[in-house]
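The structure appears right after this line, and notes come after that.
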Amino acid sequence: MCSRLADADGAVAQGEDEGEVAAVLAALRENADRQRLMVLIFDQFEEFFFIHRELGRRKAFFDFLHDALDVPYVKVLLSLREDYLHYLLEGDRLTNLEVVNNNLLDRNIRYTLGNFPPNDARDIIQSLTERGRFQPEPELVDRIVRDLAGDDGRVRPIEIQILGSQLQDRGITTLREYKALSQGEDLGPEAVLVAGFLDGAIADCGAENEDAALMALNFLIDENGARMPKSRLELANDLNIPEIGIDDNGLDLILKVLEGSGVIEKPGERYQITHDYLAERIGTPRSSRP
């Protein structure tokens, strides 16, 4: 049952094969007959709107949403950025969602998934490391949380993920080792680690492709520093690959490596940087490789 839902879930999000959508609904109804709660989660749902610009494709999804919410024991979570919330108004117009009073933006069903307060961030880091071989000292955890806390005093999950992996890869477990990262650098230790993550992904593309990889990342950012999805053809035209000395195979290698490293992703037909946080850091001076 769960595997059937998982296989068909992508088709629902993409507004594709009607047979797959029917299979999802059938599975939901079968599960409801057994009085089992099912939760459908559509993460990064804002991507749906800029991948599928055709009104018919969007309506197909919201029609599915209507049918799914009409099944007992079914809950649906749409996770999307706050600046894309207004797109949900389209769903109210395209189909009858009486189950939510035709108001997907109702405060009673809208919840904020914010960044972590410092204490929560500290607890998360400790819980993630206490069972593994990587054991940072408490003073290092405190310093990391303090360094990562933004203007609002909160820590973004992606920052914990990137810094944690970099610290583990480099075997840094003490505050003294962490502070030493910024010696001779114009960046703080946390910025050195993020730059190192990006630097490593670019280096994995091969020495002959590093400049092109960095250019490709910059072409995925608009003039305001925000993520800007582009197709492979658009990137090839932007890079003018014959002029910079790489061929189609070289571009494919770059995209494959950057996607595998988690720096970019490809939801649908376009590539994009995985997080706004990374887009903000692409222009940061690159660190010295260890």
What net charge do the residues around PRO72 carry, taking every other residue with its C-beta under 15 Å from that of PRO72, with Lys and Arg at +1 and Asp and Glu at -1?
0
Averaging sequence separations of C-alpha pairs under 8 Å and six or more residues apart, then dividing by the length of the stretch 133-181, give the relative contact order as a whole percent.
53
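Rounded to the nearest 20 debye, what is the charge dipole size of the chain about its Cα centre when +1 sits on each Lys and Arg Cβ and -1 on each Asp and Glu Cβ?
Values: 32 positive and 54 negative charges, 173 e Å.
Dipole about the Cα centre, nearest 20: 840 debye.
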Taking a ≥ b ≥ c as the square roots of the Cα gyration tensor eigenvalues, with a/c under 1.5 meaning rounded and otherwise prolate when a/b beats b/c or oblate if not, the stretch 105-255 comes out oblate
Hey, can you grab everything whose amide H is under 5 Å from the amide H of MET228? Only 5+ residues off in sequence or another chain; H modelled, so Pro and N-termini drop out.
ILE221, ASP222, ILE273
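Give the value in nm², to one decimal: projected area of the alpha carbon convex hull of the stretch 116-180, averaged over all directions.
Seen from a random direction, the Cα hull of the stretch 116-180 projects 4.0 nm² on average.
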Counting only C-alpha contacts under 8 Å and six or more residues apart, can you give the relative contact order of the chain as a whole percent?
13
Inverse mean reciprocal Cα-Cα distance (Kirkwood Rh) of the chain, Å
21.8
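Let's test the formula: R0 of 25 Å, r as the Cβ-Cβ distance of ILE244 and GLU269. What FRET efficiency results, to the nearest 0.05? Could you put the intermediate results ahead of the total?
Working: r = 23 Å, r/R0 = 0.93.
The pair ILE244/GLU269 has a calculated efficiency of 0.60.
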Kirkwood-type radius of the stretch 189-231, with distances r between different C-alpha atoms, in Å:
11.4
Determine, for the chain, the count of lysine pairs separated by eight or more sequence positions (or lying on different chains) whose alpha-carbon distance falls under 25 Å.
6
Rel. contact order, % - alpha carbon contacts under 8 angstrom, at least six apart, the stretch 2-109
27
Roughly how compact is the stretch 2-109, stated as its Cα Rg over 2.2 N^0.38 Å to two decimals?
1.02
Rounded, prolate or oblate, given the Cα gyration tensor of the stretch 149-229, with a/c below 1.5 counting as rounded?
oblate
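Values in this text are rule-based calculations from the coordinates and carry no lab data. No experiment lies behind these values; they were computed from the predicted model shown. Please note: Cβ atoms are built from the backbone with ideal geometry, for glycine as well, and neighbour counts cover all protein chains shown.
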